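Peer 1: What follows is a single structure, and I will ask about it in a moment.
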Amino acid sequence: SGLVGSEMCIRDRYHIGRDYHMENDKTCPEHVTVDLTGVGGWEDFWGRIQTAFVFSDGFGKNWDAFWDVLSKECPASKVTVVGANRLPAAWKNSAGVPFPEMIRRILQRNQEFREKFNEPFDYEFVDA
């Protein structure tokens, strides 16, 4: 019997995800740079996330979808987020957490998740 769920390494989960999401013929790069400098609104924000990570057109454009796709379909070993410090202070999730902190929490969660499988993952924030 094969490994399932959290027992699979990111590469295995990624390939299974790729089989499931055949509409996305692109691959998430090893080093993702998300440039949030001058974001014009929420659609622009999620569009930049989707483009940088090469998420499929079916990407849900919300925090849960970001975590799901990042943890299951994107084997990137490094993420650089540029300009999160310039996002509007009023942009918060439903629990009142500012967007830059939500990004950090998801990337930190991914780092901890990947450590369980001895898979490299790191992230950094660069001010714009």
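FYI, it's all coordinate maths here, none of it is from the lab. Since this is a predicted model, take the numbers as computed values, not measurements. Cβ coordinates were reconstructed from backbone atoms using ideal geometry, including for glycine residues, and neighbour counts include every protein chain displayed.
Peer 1: Modelled label-to-label distance, N85 and V97, 7 Å Cα→beta-carbon offset: nm?
Peer 2: If labels sit at N85 and V97, their model points lie 2.2 nm apart.
Peer 1: Indicate the gyration tensor shape class of region 89-128 (rounded, prolate or oblate), computed on the Cα atoms with a ≥ b ≥ c the square roots of the eigenvalues: a/c under 1.5 is rounded; otherwise a/b larger than b/c is prolate and the rest oblate.
Peer 2: oblate
Peer 1: Which order do the peptides 76-84, 97-105, 35-43 come out in when sorted by mean C-beta neighbours inside 10 angstrom, highest first? Show your work: numbers first, answer last.
Peer 2: Numbers: 76-84: 18.6, 97-105: 16.7, 35-43: 13.7.
Sorting 76-84, 97-105, 35-43 by mean packing, highest first, produces 76-84, 97-105, 35-43.
Peer 1: Describe numerically, in nm with one decimal, the distance between label points set 7 Å from Cα along Cα→Cβ at K116 and at H31.
Peer 2: Using points 7 Å along Cα→Cβ, the separation is 2.9 nm.
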